[in-house]
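For reference, the structure discussed in these notes is given below.
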Amino acid sequence: MNETESDDSCRESFNFKKSLGIKKQKFEQDGLMIKNEGKLSIFQKICFAVGGLPYQMCGNALGLFISPFLLEVSQIRPKQVSVILFSGRGWDAVTDPLIGFFVNRTNTRFGKLRPWILFPVPFAIFCYIMIWYVPDISRSSKTIWYLVFYCFFQTFLSCLHVPYTSLTMYLTPDQAERDSATGYRMVFEVLGVLLAAVIQGIMISIYGSTVNCDVTTLNLKSTTPFPYNDSSLISNNLNDDSDTNKLSEGYLISASIMSLIYLICCLTTFFGTKEMKDVITDHNKEFFKSFKSVFSHKSYITLLLAFLFNSLAVQLVQSNLALFCKYTVDAGDQYQYLIIVLLI
C-alpha cells in the first residue's frame, strides 16, 4: 500500500513538473517570460540602466543652474523666476498621471513602454535647448517663453520617466533580476546628477570667467535692505553685453552636450532592452472615470501631496544653492566647483 502511494506521489510530482515546463514554454513563446528563466545579461542591465541618466542629469541641471541663468543672463525678475519654477513643478505633478493613462493604453509592435522612451526625445531636446536660449524679446515675453518651454520639457521628460520606471516590471518575471537591474539604474542615476554639475560647471567656468562678482557681493553685504523688485542688482556683476552673450553661449553648449547624452541614452535603452507582453491591460474605463477613481484614493492623494512638497523643497534648495554659494559665501567664479564637491 505504501509503495502504491509512493508511486502515485512520484507520478503526480512528475506530471506537475511536466505541466510547469509546458506552461513555461508557452509563456516564452507568447513573450510573457524571457528564456533562461528570466535571467538578464550584464549588457541588458546596463542598456536599461542608462535610461535613468537623462532624467536625473537634466532635472538636476535645471534645479541647480536655472535660477542663476534666468537672473543673470536672461535678467528676469526674481518673482517671475519663482512663477516659472513653481508652475513647472506643479505642471509636472499633473502630467505624470496623464502620461501614465496614455502609456497604459499603448500597444505597438515595439511594446507599450519602449516607444514612449524614444519617440518624444526630439521634442524634449528641442525644448531643453530653448530653455537655455536667450531670445531678443522683452522681459515679460521672456517670462512666457521660459514658462512655456519649461512646462513642455517637463511633459516630455514625464514621457520618458513614467514608462521607464514601469519598464522594470516588464524586463523579466524574476524578482532578483529586477532588483539587480534597479541597482544598476541607481548607479547611473547618481552618475547623471554628477554629470549635470560637472558639464554645466565646466562650461560656466570657461565662458563665465570674465564675470566680476565684486560689485554685487559688496552690495549684498551692505546693511541696506534689499530695495529692488527685479534682477538689476544681480545683473550688475556682468560687465557688458559681451559678457552676457559669452555666458549664454556656455549655457547653450552645455545644454547641447547634455541633449546629445539624452539622445544616446534613450537610443541605448530602446534598442538594448526587451519588454514582456502586457498580461492585463485595462481598456474599459474612460479617461475621466480613471482620473476620478485615482484621485478618490486617499492614500494616493497623501503620497501625491508628500511627493509634491518634497519636490518643492528640493527645488527650493537647488534653486538657491548656486545663488547662496556665489553671493553669500562670496565664491565668485568658483561656486560651480563648490556644488560639485557638495554633490560628491
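The values are calculated or read from the model by the stated rules, or taken from the named source; none is laboratory data. Source: prediction; values computed, not measured. Neighbour counts run over all protein chains shown; Cβ positions are idealised from the backbone, glycine included. Surface accessibility is based on the protein's heavy atoms, side chains included, excluding ligands, DNA and RNA. Shrake-Rupley method; radii C 1.70, N 1.55, O 1.52, S 1.80 Å.
Can you sort 303, 147 by 1.4 Å-probe accessible area, starting with the largest?
Sorted descending by solvent-accessible area, the residues read 303, 147.
To the nearest 10 square angstrom, how much accessible area does residue 116 have with a 1.4 angstrom probe?
Accessible area, nearest 10 Å²: 60 Å².
Which loop-located chymotrypsin sites (Phe, Trp or Tyr not before Pro) does the stretch 46-111 contain, where loop means any DSSP state but H, G, I, E or B and the Cβ has at most 12 other Cβ atoms within 10 Å? Present the calculation step by step, with values, prior to reporting the outcome.
Values: sites: 48, 55, 65, 69, 86, 91, 101, 102, 110; in loops: 110.
Sparse-neighbourhood loop chymotrypsin sites (Phe, Trp or Tyr not before Pro): none present.
Under the rule of at least 5 residues apart or a separate chain, name every residue whose amide H is placed under 5 Å from the amide H of residue 105.
Long-range HN contacts for residue 105: none found.
Can you figure out the FRET efficiency of residue 316 with residue 123, using R₀ = 25 Å and their beta-carbon distance, to the nearest 0.05?
Here the calculated transfer efficiency is 0.35.
Post the alpha-carbon centroid distance, the stretch 126-160 to the stretch 40-63, in whole angstrom.
Centre-to-centre distance over Cα atoms comes out at 23 Å.
Any idea how far apart residue 133 and residue 307 come out in nm if each label point goes 7 Å out from Cα toward Cβ?
The modelled label-to-label distance comes out at 3.1 nm.
Using protein chains only and a probe of 1.4 angstrom, how many square angstrom of residue 150 are accessible, to the nearest 10?
Residue 150 has an accessible surface of roughly 10 Å² with all protein chains in place.
For each pair in 274/298; 79/298; 45/112; 79/142, compute the distance between the two Cα atoms and list the pairs where it is over 23 Å.
Values: 274/298 35 Å; 79/298 34 Å; 45/112 19 Å; 79/142 13 Å.
Flagged as over cut-off: 274/298; 79/298.
Would you mind checking which residues have amide H under 5 Å from residue 277's amide H? H placed 1.01 Å from N; only 5 or more apart, or other chain.
32
Quick one: if you stick a label point 7 Å off each Cα along the C-beta vector at residue 245 and residue 43, how many nm between them?
4.9
Could you report the accessible area of residue 202 in Å², rounded to 10, computed with a 1.4 Å probe on the protein chains as they sit in the structure?
That residue has around 70 Å² of solvent-accessible surface.
Given R₀ = 41 Å, FRET efficiency for residue 298-residue 110 by Cβ-Cβ distance, to 0.05?
So the FRET efficiency works out to roughly 0.65.
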